[in-house]
Amino acid sequence: MLINTKKNHQLSEQQVTDESVYYGRRELLKKLGYLGAGSLLAQSASTNAGALDFFSSKEEVLFQRQALKFTPAGESSQILTPEAKISSHNNFYEFGTGKSDPVENAQGFKVNPWQLSISGAVDKPYTLGYDDLFKRFPLEERIYRLRCVEAWSMVIPWVGFGLAALIKKAAPNSRAKYVAFETLYDPEQMPEQNSRLGGGVEYPYVEGLRIDEAMNPLTFMSVGLYGKTLPAQNGAPIRLVVPWKYGFKSIKSIVGIKLVEDKPPTTWNRLADSEYGFYANVNPAVDHPRWSQASERRITTGGLFARNRIATLPFNGYGEEVAHLYKNMDLRKNY
Amino acid sequence: MQTSATSLSKGSFKALFLRYRVMLLKITIHLLAFLPLFTLYFLAFTEQLGADPVEEVIHFTGIGAFNLLLISLLITPVAKKYRQGYLVQTRRLLGLYSFTYAVFHLLNFLAFEVQFDLNLFFDEIIDRPYITVGMVALIILFSLALTSITALRRKMGKNWQKLHNGVYLAVLLIALHFFWSVKSDIVEPMIYFTMAIFLLILRKDKIKRWFK
């Protein structure tokens, strides 16, 4: 009963939750005491830390983002996920395995200068510098659903350009059957790459697409979201977005794109072949061995009481555009 | 009677402490266990738990239940080693709080994760081994919580201890539940698994006797 009476009240509150509250979540949890029973100790410790903050330079400068010029997308029929949530709930293991670790640890990430090389089975390999990322190709906005393999999803207004344009410019030759992507490897900036345990992941993070997947008009290189350059924790300065595949395919902070002849290794597949395939197309009919993929929680404006569990669609609802790519394939085997 | 008389002669403060130490301990346990739970839901209800409060409340109550159970299992060895028998009187409270956290853990999953889709709820419990073992552990904890009532304990006689040895199975199942539930970062589950094994090793003589 209590739950229902609270619900409406909460729905009106959540729209105005301040960004700083999201960014300060880790602090709140520390005060709460992550170890449950040890909470009061943790609380007093954190109060002390607060007093000492005056001396330490706790006032970190947030990662700087610039406004972008782009062709806006039309009105979205779907409710967008608020920017504060998109930029505070991230899987970017290089900066920590917790969802709020990246926003905490990536604020000092240096993205300028940057070098993205396009190489391999191409006639005209080339390299893009930081400014090129925003100038070489006309930017447009695309509102895509992002479905995480963990069964939650968001709706995100990306800014960027089609991957096809970037590949065509390099004039791929006939040996280009796959595209291999690589994230920056810089343990000094990405602390988890240095840790021997590293969240269990082998670095640098690598991903791959078949060439026809890469050339599909939906496949997108994002350099921004919500009209500004990407937050560090979302994969600045440039990341891939493949909206019909689980989120882990959409590799972040890319430094290398290589056209190759053989199917390239991909990070999560290497880690657990039975759980994460090369294709990783969103597919409600094929469960993750440890949880159902039939439905998902859509993270938008609602909070704890949001009734946001919705059915997951084949290819994340982009079947019309991409189903033909897999016409003669058994998607149960090629998950 | 005699002890309290000698203590009084040493100083009334110490006497008071000795008389009320169990009560003080229990009050401390109540505060340390209840306040985090209260704060967690306060933050969740007021939209202060980040972009996905669902994951947050599930993880917090799960790890909280495990922590409390491990602490409850640490009591007996500590009480024996340091001859502080009175500590044993806090075991039940710690166990009950562990069970409470575990119930909230399950309720979070039911209400906020699967959002009362009962088909999905039962399918997941049956189909996913890590949820199955978690559920078995919760059922064990439930049976222990239920029989923690003094009157029932008396009634059960020797069977009570037999049933309550089930906590050793529960702690292993919970460690497994945690281990299987993570995607890749197995460090934390490994630490917990080690702690669980350590607490069982402290009872190796007792456990050996069962297999004779």
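Structure values in brief
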{"quantity": "For B:GLN89: the one exception among (1) touching a Leu at 6+ places or on another chain (Cβ under 9 Å); (2) surrounded by 17 or more Cβ atoms within 10 Å (Cβ to Cβ); (3) among the polar types (S, T, N, Q)", "calculated": "(2)"}
{"quantity": "Any hit, the range B:57-65, residues being within 7 Å of another protein chain (Cβ to nearest Cβ) and on the phi > 0 side of the Ramachandran plot", "calculated": "no"}
{"quantity": "Criterion (within 14 Å of chain B (Cβ to nearest Cβ) and at pLDDT below 95) met by exactly one of A:GLY74, A:GLY96", "calculated": "A:GLY96"}
{"quantity": "Residue match in the range B:108-131 (condition: small (Gly, Ala, Ser), closer than 22 Å to B:ARG91 by Cβ, part of a helix (DSSP H, G or I) and out of contact with any Cys (no Cβ under 6 Å at 6 or more places or on another chain))", "calculated": "no"}
{"quantity": "A:VAL282 in contact (Cβ under 8 Å) with a residue 60 or more places away in the chain, closer than 30 Å to B:ALA111 by Cβ and aliphatic (A, V, I, L, M)", "calculated": "yes"}
{"quantity": "Qualifying residue in the range A:254-268 (condition: under 20 Å from the mean Cα position of the chain (by Cα), assigned to a helix (DSSP H, G or I) and at negative phi)", "calculated": "yes"}
{"quantity": "Residue under evaluation A:ILE79, criteria (1) away from chain B (no Cβ under 11 Å); (2) closer than 25 Å to A:PHE134 by Cβ, criterion not met", "calculated": "(2)"}
{"quantity": "Residues being closer than 24 Å to A:ALA171 by Cα, hydroxyl-bearing (Ser, Thr, Tyr) and in contact with a helix residue (DSSP H, G or I) (Cβ under 6 Å, 6 or more places away or on another chain) - total across the range A:213-259", "calculated": "1"}
{"quantity": "The range B:173-188 residues that are at the interface with another protein chain (Cβ under 8 Å from one of its Cβ atoms), paired with ones that are part of a helix (DSSP H, G or I) and of a type in the set (A, V, I, L, M) (beta carbon under 6 Å, 6 or more apart)", "calculated": "B:SER184/A:LEU271"}
{"quantity": "Verdict on A:VAL242 being among the β-branched types (Val, Ile, Thr), more than 22 Å from A:LYS69 (Cβ to Cβ) and within 11 Å of the chain's Cα centre (by Cα)", "calculated": "yes"}
{"quantity": "Single residue of B:TYR97, B:TYR86 found to be within 13 Å of another protein chain (Cβ to nearest Cβ) and more than 15 Å from B:ASN165 (Cα to Cα)", "calculated": "B:TYR97"}
{"quantity": "Residues within the range A:99-113 that are away from chain B (no Cβ under 14 Å) and buried (at least 23 other Cβ atoms within 10 Å of the Cβ), tallied", "calculated": "1"}
{"quantity": "Test: residue in the range A:275-287 that is crowded, with 19+ Cβ neighbours inside 10 Å and assigned to a strand (DSSP E or B)", "calculated": "yes"}
{"quantity": "One residue from B:ILE174, B:ILE191 being within 22 Å of A:GLY98 (Cβ to Cβ) and surrounded by 15 or more Cβ atoms within 10 Å (Cβ to Cβ)", "calculated": "B:ILE174"}
{"quantity": "Tabulated pairs, the range B:15-33, first facing chain A (nearest Cβ under 9 Å), second assigned to a helix (DSSP H, G or I) and surrounded by fewer than 15 Cβ atoms within 10 Å (Cβ to Cβ), C-beta under 9 angstrom, 6+ apart or interchain", "calculated": "B:THR28/A:LEU40; B:LEU31/A:LEU40; B:LEU32/A:LEU40; B:LEU32/A:LEU41"}
{"quantity": "Residue selected from the range A:276-323 under the condition under 18 Å from the mean Cα position of the chain (by Cα) and among the polar types (S, T, N, Q), by the criterion farthest from A:SER250 (Cα to Cα)", "calculated": "A:THR300"}
{"quantity": "Condition broken by B:HIS30, with the remaining ones in (1) part of a helix (DSSP H, G or I); (2) modelled with pLDDT under 95; (3) of a type outside the set (S, T, N, Q) satisfied", "calculated": "(2)"}
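Condition check ((1) at pLDDT 95 or above; (2) under 16 Å from A:ILE211 (Cα atoms); (3) away from every other protein chain (no Cβ under 12 Å); (4) crowded, with 17+ Cβ neighbours inside 10 Å) across all residues:
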residue	(1), (2), (3), (4)
A:GLU261	yes, yes, yes, no
A:LEU271	no, no, no, no
A:TRP291	no, no, no, yes
A:ARG298	yes, no, no, yes
A:ASN308	no, no, no, yes
A:LEU313	yes, no, yes, no
A:ASN316	yes, no, yes, yes
A:ALA323	yes, yes, yes, no
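The values are calculated or read from the model by the stated rules, or taken from the named source; none is laboratory data. Being a predicted model, the structure only gives us computed values, none of them experimental. All Cβ positions, even for glycine, are placed from backbone atoms using ideal geometry, and neighbour counts span all protein chains on display.
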